[in-house]
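Reviewing the structure listed below.
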Amino acid sequence: MEIQLWREILDPYELAVKELVIKFKHLIKEHRDNNRYSPIEQVEGRVKTISSILEKSLKKGIPLEDIEEKIEDIAGIRIICQFVEDIDRVVELIRGRGDMEIKSEKNYLAHSKESGYRSYHVIVYYQVETINGPKKLQVEIQIRTLAMNFWAIIEHSLQYKYEKNIPEHIRKRLSAAADAVDMLDNEMSSVRSEIMDAQNSFQIQANIVADI
Ligand code: 0O2
C-alpha cells in the first residue's frame, strides 16, 4: 500500500488519539479544580506504526482491507492510575460518557496473561470529524496502575530485544516481578485512604496558594 494511502487511513486515528488525550487530561484537571481525588494519574496515547500494523495483520492473517475492523488497537490510549480500585472508577467514567461507546472489555486483572501482564482493556467506538465527514473508529483504552505500567514497559522492551522469544530464565524473573507488582498494589490499596487524604489536603493547599 502506498504511503499516501496509509496517511489517509491513519490521519483520523491521530486525531482521535489527540482528542482523547486532551479529554482525559481535562478530567484530571476537573477533579483537581474541584478538590476531588482523580482516579486518573496520567494519560498517554499513540497510533500504531505502519510496520506494527503490518506485523499484526500478517501474524493474525488479516487481509489489508480488513485491518480497520479487525485490528482494534490502531489508536491506543493508556490511562495510568495510582491504585487498583481507581481502575473500576475509570471504567465507570468511560461507561458514562456520551462521546464513546464500549464495544468490548478484556479483564487481565482478574486473569493475568501467561506473561504476567495485568491491565484492563476497553475497546470503544469514537467518532471524529474529517474533511470527508464523520468517521467512527475503534480505540483501545488500556487502564492500569503505575506499578503494572512499570512492569509492562520493561517486559515490552525485553520482548522487543528478544524479538518476542524471551529466554526462559528471564521469563521466570518477569513472572516473579509480576507477583511482586501484585503484592505492591495490594499493599498500597491498604493505605489508600490515608494517601488520598494526604493528597487532597496537599491539593487544597496548592489551590489556595495558586489563588493568592
Ligand atoms: P503495541 O502497540 O506494541 O503495544 P495479541 O497482540 O494478539 O496478544 P490482541 O488480541 O490484539 O492481543 O489484544 P490484547 O491482548 O488486548 O493486546 C493488545 C495490547 O495489549 C498489546 O499491543 C500490548 O500493548 C498490550 N499487551 C498485551 N499483552 C501484553 C504482554 O504480555 N506484555 C505487555 N507488555 N503488553 C501486552 P501490541 O499489539 O503488542 O502492540
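Just so you know, all these numbers are worked out from the coordinates, no wet-lab data involved. Owing to the predicted nature of the structure, the values given are computational and were not obtained by experimental measurement. Methodologically, a virtual Cβ is constructed for each residue, glycine included, from the backbone with ideal geometry; neighbour enumeration extends over all protein chains shown.
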Practice task
Report the antiparallel proportion of the DSSP beta bridges in the chain as a percent, rounded to a multiple of 5.
Solution key: 75
Practice task
Assign one of three labels to region 122-177, namely rounded, prolate or oblate, based on the Cα gyration tensor with a ≥ b ≥ c the square roots of its eigenvalues; rounded applies when a/c is under 1.5, prolate when it is not and a/b is larger than b/c, and oblate otherwise.
Solution key: prolate
Completion exercise
The distance between the Cα centres of region 1-59 and region 165-186, in whole Å, is 28
Handout entry: Cα gyration tensor shape for region 13-60, rounded if a/c is under 1.5, else prolate or oblate
Key = prolate
Completion exercise
the chain: relative contact order from alpha carbon pairs under 8 Å, six or more residues apart, as a whole percent, is 20
Exercise for the section: For region 29-91, just the Cα atoms, rotate onto the principal axes and tell me the three extents in Å, largest first. Expected result: 49, 19, 16
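Residue 42 to residue 156: extension gain in nm, 0.36 nm per residue of separation minus the Cα-Cα distance?
That works out to 39.1 nm of additional length.
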Practice task
Just tell me the longest site-free run in the chain, where the sites are GluC sites (Glu not before Pro) in a DSSP loop having at most 10 other beta-carbon atoms within 10 Å.
Solution key: 3-113
Fill in the blank from the handout: Non-local residues with an amide H under 5 Å from the amide H of residue 127, with H modelled 1.01 Å from N and Pro and chain starts lacking one, are 137
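What's the Cα-based Rg to Rh of the chain, Rh via Kirkwood? Can you show the working numbers first?
Numbers: Rg = 19.2 Å, Rh = 19.1 Å.
Here the Rg-to-Rh quotient is 1.01.
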Exercise for the section: Quick one: Debye curve from the alpha-carbon atoms of region 75-161 only, equal weights, vacuum; give me log10 I(q)/I(0) at q = 0.14, 0.18 Å⁻¹ to two decimals. Expected result: -0.55, -0.82
Practice task
Report ³J(HN,Hα) in whole Hz for each residue of region 79-92, in order, from the Karplus equation J = 6.51 cos²θ - 1.76 cosθ + 1.60 where θ = phi - 60°; Gly and Pro get x.
Solution key: 10, 9, 10, 7, 10, 4, 4, 5, 4, 4, 5, 5, 4, 4
Exercise for the section: Report the extension gain between residue 187 and residue 56 in nm, rounded to one decimal, defined as 0.36 nm multiplied by the number of residues separating them, less their alpha carbon distance. Expected result: 43.5 nm
Handout entry: Stretch in the chain that is longest and holds no trypsin sites (Lys or Arg not before Pro) that DSSP places in a loop and that have at most 12 other beta carbons within 10 Å
Key = 37-112
Handout entry: Linear extension gain, residue 30 paired with residue 101, 0.36 nm per residue minus alpha-carbon span
Key = 23.4 nm
Completion exercise
Filtered pair list for region 41-123 (Lys only, Cα < 13 Å, 8 or more apart or interchain) has a length of 5
